[in-house]
Amino acid sequence: MTSAQLIRNVLRDAYCDLHIEDLSDGGAVVRDASSLQHAPTHGVQAGFPVSETLYRCADLLADSGFAVVLVRDDRGVYLNAR
């Protein structure tokens, strides 16, 4: 099974607003679609805004044995899980 499939098994249907996709390095990206953010055009956005949903997903995945890292990019914050 791929990481994305394993993550979907852990998170089940409770988190239907998630985008989960495999990475070429064997990990997976988990994004909360309801909190996607776009970088402002006038500069760098301060802070590290993490949705409550991503916090809960990170806890569930870590409890299930995944290594989880929060990452910020131009679309917001996402989980990198493996």
Check your understanding: Using a Förster distance of 25 Å, how high is the FRET efficiency between F48 and M1, based on the Cβ-Cβ distance and rounded to 0.05?
Key -> 0.25
Revision key, fill the gap. Under the 7 Å Cα-to-Cβ spin-label approximation, V10 and Y55 lie apart by a distance in nanometres of 1.9 nm
Study note, to complete from the structure: Least to most buried among S34, S3, S64, S51, by other C-beta atoms within 10 Å and fewest first, runs S34, S64, S51, S3
Review point. Among F66, F48, which comes first, second and so on when ranked by fewest other beta-carbon atoms within 10 Å?
Key: F48, F66
Point to revise | Sorted by Cβ density within 10 Å, fewest first, the residues C16, C57 | key: C16, C57
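Rule-based calculations on the coordinates, nothing more; no lab input. The model shown is predicted, which means the values in this text are computed figures rather than measured ones. With ideal geometry, Cβ positions are generated from the backbone for all residues, glycine too; neighbour counts draw on all protein chains shown.
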